[in-house]
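Notes follow once the structure below has been shown.
Taken together, the values in this text are just the output of simple stated rules run on the coordinates, not laboratory data. Just so we're clear, the structure is a prediction, and the values are computed from it rather than from any experiment. Positions of Cβ are backbone-derived with ideal geometry, glycine not excepted, and every protein chain shown enters the neighbour counts.
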Amino acid sequence: MLPSETSPPIQIPTVLVFGGHDPSGGAGIAADIATLLALGCHPIVVITAITVQNTKQVERFQLLEAELIAAQAGALLEDTPIAACKTGMLGSASIVAAVTEVVAALSAVPLVVDPILCADAGGPLGEPDLVPALQSSLLPRATLATPNINECRALTATGEADQAAEALMASGCENVLVTGTHAATTQVVHRLYQGSTETVERSQWPRLPGVFHGSGCTLAAAVAAHLAYGQPMSEAVNNALEYTWQSLRRGYRVGSGQHIPQRIWRSQRVGP
């Protein structure tokens, strides 16, 4: 029986994501949508930018007007309850300000901030005013930030995980997951800081061959999905790390550049 206009909404957690469009389908909004659907959530999407890129490189990008971004979000919030938020490519201080205003009205909703500054395939994805805006406005509101070691250097002037996490939490960010994919180590070591650098969980994974396009987007979206189902932070992060590693292990190439994670590799639904 098909649902009617009077049918009650289906009880699937809805995750609001802000991010850029990657036409290769490897990263950005495409990665968020695939991950959230695989994990049993419904993604609602606010586009922040259009990029010209493939699995090899970013050629250029065009940011949307902050007013249009706010309007997209406003229309969605008038209609849909939100279980979690996730941000990806924002690109400029004006967009950060618009997104910050939206998430400020959702203060009880967990917010995962993936502070994207450059593409995995190479090339910047933001204007010069992006970093200070993230530092002063959005990261202090984050339930979880997921920087890699290069992003830690840009955001905190240190590539040392403990010091970077301490600086981010001192600004107001509740929890920090410093990802180890970009570190020059045999094993990939991720570090989850919950409230202080004294409380750190280390998670170690075999480093897979190849280079992946959209691994950070996948991980951040997966954490948001598990938080949307009400999982505690540590459990949500560990489950997201497992899902992401399995997606990378099954990765494939559609072009001559980086591998793309296979995000829908089996039913990964978090809820019933």
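Overview of values
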{"quantity": "The range 201-272, relative contact order [Cα under 8 Å, separation at least 6], %", "calculated": "35"}
{"quantity": "Tyr229, Tyr193 arranged by Cβ crowding within 10 Å, fewest neighbours leading", "calculated": "Tyr229, Tyr193"}
{"quantity": "Added length on full extension, which subtracts the Cα-Cα distance from 0.36 nm per residue, His42 to Glu127", "calculated": "27.5 nm"}
{"quantity": "Phi-based couplings in Hz for the range 83-94 (Karplus 6.51, -1.76, 1.60; Gly and Pro marked x)", "calculated": "9, 6, 10, 9, 10, x, 5, 10, x, 7, 5, 5"}
{"quantity": "Relative contact order (%) - criterion: Cα under 8 Å, at least six apart; region: the range 14-249", "calculated": "19"}
{"quantity": "Listed residues His182, His190, His259, most fluctuating in the chain (Gaussian network, C-alpha, under 10 Å)", "calculated": "His182"}
{"quantity": "Fewest-first ranking of Thr35, Thr143, Thr55, Thr48, using other Cβ atoms within 10 Å as the exposure measure", "calculated": "Thr143, Thr55, Thr48, Thr35"}
{"quantity": "Burial ordering of Met89, Met169, fewest other beta-carbon atoms within 10 Å first", "calculated": "Met169, Met89"}
{"quantity": "Table column - 3J(HN,Hα) (Hz), the range 207-219, Karplus curve with 6.51, -1.76, 1.60, x for Gly and Pro", "calculated": "6, 8, x, x, 10, 10, 9, x, 5, x, 4, 4, 5"}
{"quantity": "Ser256/Arg153 FRET efficiency (R0 30 Å; Cβ-Cβ; nearest 0.05)", "calculated": "0.55"}
{"quantity": "Karplus-derived HN-Hα couplings along the range 12-29 (A = 6.51, B = -1.76, C = 1.60, θ = phi - 60°), whole Hz, x at Gly and Pro", "calculated": "10, x, 9, 10, 8, 10, 10, x, x, 8, 9, x, 6, x, x, 9, x, 4"}
{"quantity": "Dipole moment magnitude, nearest 20 debye, the chain about Cα centre, only Lys, Arg, Asp, Glu C-beta charged", "calculated": "1020"}
